[in-house]
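Undergrad: Pasting a structure here, questions to come.
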Amino acid sequence: MKDKDGLLQNAGINTRLSHLGNDPSEYHGFVNPPVVHASTVLFPNAKAMETRAQKYTYGTRGTPTTDALCEAIDALEGSAGTILVPSGLAAVTVPFLAFLSSGDHALIVDSVYTPTRHFCDTMLTRLGVEVEYYDPAIGAGIEQLFKPNTKLVHTEAPGSNTFEMQDIPAIAAIAHKHGAVVAMDNTWATPVYFRPLDFGVDISIHAATKYPAGHSDILMGTVSANAKHWEQLKEANITLGICGAPDDAYQVLRGLRTMGIRLERHNESALAVAKWLEGREEVAKVLHPALPSFKGHDIWKRDFKGASGIFSFVLKADSAEQYKAKAHAFLDALSIFGLGWSWGGFECLAVHVNLNDRRIAKAPEGGPLIRLQIGLEDVADIKADIERGFAASNAV
């Protein structure tokens with residue numbers, strides 16, 4: 001990309017996504033980089049092997065395929081370096097292990113991804129790290145929770161399932177004042193709609209399984225660090241022996257090419273469905289940061305460039321005893337929506353959310369919480385499917 005580097009810096013997002021992380025001149029003119037399968041890498045002589053005096057030394061430390069994806073992610077994130085890991089959860093746990101030690105104190109947002117909480121409450125606690133959960137709306141008030149041994153603050157905006165917004169710049173400023181590392185799970189927005197490092201975050205985390213891959217067939221996570229924290233992150237990753245597979249990296253790199261236009265469609269369709277749901281008598285509340293009625297809308301509008309395709313709503317129920325029955329009736333009547341974990345693919349998905357693990361950011365009242373991933377299907381068909389769900393839940 002010798003002649004394109006300068007141009008791409010100021011180009012639009014879809015232009016950048018189409019050209020980042022590939023240089024056809026390095027591969028005989030082929031548009032996409034080849035998939036390099038590698039464990040052993042040969043050295044020309046013993047001295048080169050001893051000093052590791054070449055770019056590639058072993059498969060776990062990178063290949064041209066994985067490097068192409070990392071370079072693309074770095075360009076999107078504005079990061080000093082990126083590691084690839086086998087899942088979105090690994091993208092959270094590797095930096096935790098990189099920057100926390102026994103005796104440290106970690107502040108974790110209470111609206112965190114449930115498997116992240118499980119890791120914190122089990123393995124991280126067992127390793128001697130003190131874990132404390134905080135209110136996602138705390139903002140600069142988080143300073144009251146800091147201790148001399150607070151070493152990491154983990155953020156996630158919007159929050160998992162309930163989509164609480166966080167004042168990331170305010171939290172980051174307080175954390176840095178106390179010498180703590182700030183990590184953020186930015187899977188919902190992707191670097192297309194929010195660049196964490198531009199807002200004071202040190203470690204940006206993504207489940208590339210979601211929008212970067214985009215087709216519900218790849219598991220991968222990316223972790224990007226600023227210059228201050230890159231070497232420590234990279235060393236931890238090498239020490240743990242965790243790496244992304246070349247075939248998966250290739251597929252994610254290919255997914256990036258269309259991520260911008262896919263996100264535009266997810267954004268537009270999800271917001272149309274969310275606005276429609278606000279007017280339905282079967283709905284007690286819609287949880288979507290781009291809606292003016294949402295509590296954290298002002299922060300979303302201030303910091304984010306767009307919204308993705310996932311949000312939740314409260315299905316109205318007269319009593320707690322009805323919650324599960326109404327939720328199951330609604331979900332079982334859906335045809336276009338699949339019932340399955342994850343999101344970010346091309347298809348609509350629906351899930352009945354359980355928030356029993358929450359300590360501060362409790363589940364909204366009024367009925368069961370239904371999370372929707374709005375895919376690339378036509379909005380009219382999506383609404384018709386939801387109508388079928390409402391008809392079934394109304395019959396309970």
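Just so it is clear, none of the values below were taken in a lab; they were calculated from the coordinates. None of the values given here were measured: they were computed from a predicted structure. In this analysis, Cβ positions are derived from the backbone assuming ideal geometry, glycine residues included, and neighbour counts consider all displayed protein chains.
Undergrad: Give me D for the stretch 32-87 in µm² s⁻¹, whole number, from Stokes-Einstein with Rh from the Kirkwood sum over alpha-carbon pairs, 10 °C and 1.306 mPa s.
TA: 125
Undergrad: I'd like the FRET efficiency for R265 and K147, computed as 1/(1 + (r/R0)^6) with the beta carbon distance as r and R0 of 51 Å, rounded to 0.05.
TA: It comes out at approximately 0.65.
Undergrad: Among bridges DSSP assigns within the stretch 5-255, what percent are antiparallel (round to 5)?
TA: 40
Undergrad: Something else now. Determine the gain in length on full extension of the stretch E365-T57; use 0.36 nm per residue of separation and subtract their C-alpha separation, reporting nm with one decimal.
TA: Contour length minus the Cα-Cα distance gives 105.3 nm.
Undergrad: Among 87-94, 268-275, 298-305, what's the highest-first ranking by average C-beta atoms within 10 angstrom per residue?
TA: 87-94, 268-275, 298-305
Undergrad: Given +1 on the Cβ of Lys and Arg, -1 on the Cβ of Asp and Glu, and no further charges, what dipole in debye does the chain carry about its Cα centre, rounded to the nearest 20?
TA: Approximately 340 debye in magnitude.
Undergrad: For helix 168-177, report the angle its Cα long axis makes with the longest principal axis of the Cα atoms of the chain; keep it between 0 and 90° and round to the nearest 10°.
TA: Once rounded, one gets 50 degrees.
Undergrad: Taking each pair of distinct Cα atoms in the stretch 5-255 once, what is the resulting Kirkwood hydrodynamic radius in Å?
TA: Over the stretch 5-255, the inverse of the mean reciprocal pair distance is 18.9 Å.
Undergrad: Calculate the FRET efficiency for H215 and N394 from the Cβ-Cβ distance with a Förster distance of 35 Å, rounded to the nearest 0.05.
TA: 0.50
Undergrad: At 7 Å along the Cα-to-beta-carbon direction for both M123 and K305, put a label point, then send me their distance in nm to one decimal.
TA: 3.3
Undergrad: Counting other C-beta atoms within 10 Å, and keeping those with at most 16, which DSSP coil trypsin sites (Lys or Arg not before Pro) do you find in the stretch 1-82?
TA: Counting only loop positions with at most 16 other Cβ atoms within 10 Å, the trypsin sites (Lys or Arg not before Pro) in the stretch 1-82 are K2, K4, R52, K55.
Undergrad: If you fit an axis through the alpha-carbon atoms of helix 227-240 and take the longest principal axis of the Cα set of the chain, what angle between them do you get, 0 to 90°, nearest 10?
TA: Approximately 90 degrees, to the nearest 10.
Undergrad: Let me ask something additional. Using only alpha carbon pairs under 8 Å that are at least six residues apart, calculate the relative contact order of the chain and give it in whole percent.
TA: This gives 16 percent for the chain.
Undergrad: What nm value, rounded to one decimal, do you get for the distance between E26 and D247 when each label is placed 7 Å out toward the C-beta?
TA: Those two pseudo-labels are separated by 2.3 nm.
Undergrad: Tell me which of I168, P148, P158 sits at the most positive position along the dipole axis of the stretch 120-172, charges placed on C-beta atoms (Lys, Arg +1; Asp, Glu -1).
TA: It is P148.
Undergrad: Pull up all non-local amide H partners of Y133: gap of 5 or more, or a different chain, and H-to-H distance under 5 Å with H placed in the peptide plane.
TA: Counting only residues 5 or more places away or on other chains, the set is I108.
Undergrad: Sorted from fewest to most neighbouring beta carbons within 10 Å, what does the list F337, F30 look like?
TA: If I rank by nearby Cβ atoms, fewest first, I get F30, F337.
Undergrad: What 222 nm value per residue comes from the helices of the chain, counting each DSSP H run with n ≥ 4 as -39,500 (n - 2.57) and dividing by all residues, nearest 500 deg cm²/dmol?
TA: After summing the helix terms and dividing by residue count, I get -11000 deg cm²/dmol.
Undergrad: Checking a compactness column here: for the stretch 1-137, what do you get for Rg(Cα) / (2.2 N^0.38 Å), N being the number of residues?
TA: Ratio of Cα Rg to 2.2 N^0.38 Å: 1.40.
Undergrad: Taking amide H atoms as placed 1.01 Å from N in the peptide plane, list the residues 5 or more away in sequence, or in a different chain, whose amide H sits under 5 Å from that of I310.
TA: For I310, the qualifying residues are I374.
Undergrad: A follow-up question, please. Can you compute the equivalent ellipsoid semi-axes for the stretch 260-394, i.e. the square root of 5 times each eigenvalue of the Cα gyration tensor, sorted largest first and rounded to whole Å?
TA: 22, 19, 13
Undergrad: Under a Cβ-only charge scheme (Lys and Arg +1, Asp and Glu -1), can you give me the dipole magnitude of the stretch 212-318 about the Cα centre, in debye to the nearest 20?
TA: Taking the Cα centre of the stretch 212-318 as origin, the dipole is about 340 debye.
Undergrad: With a 10 Å Cβ neighbour count serving as the proxy for reagent exposure, in which order, fewest first, do I218, I205 appear?
TA: Fewest-to-most Cβ neighbours within 10 Å comes out as I218, I205.
Undergrad: In a Debye calculation with equal point scatterers on the alpha-carbon sites of the stretch 213-269 and no solvent, what is log10 I(q)/I(0) at q = 0.12, 0.26, 0.31 Å⁻¹?
TA: Per q value, in the given order, log10 I(q)/I(0) is -0.42, -1.02, -1.16.
Undergrad: Can you sort H154, H229, H297, H37 by how many other beta carbons sit within 10 Å, fewest first?
TA: If I rank by nearby Cβ atoms, fewest first, I get H37, H297, H229, H154.
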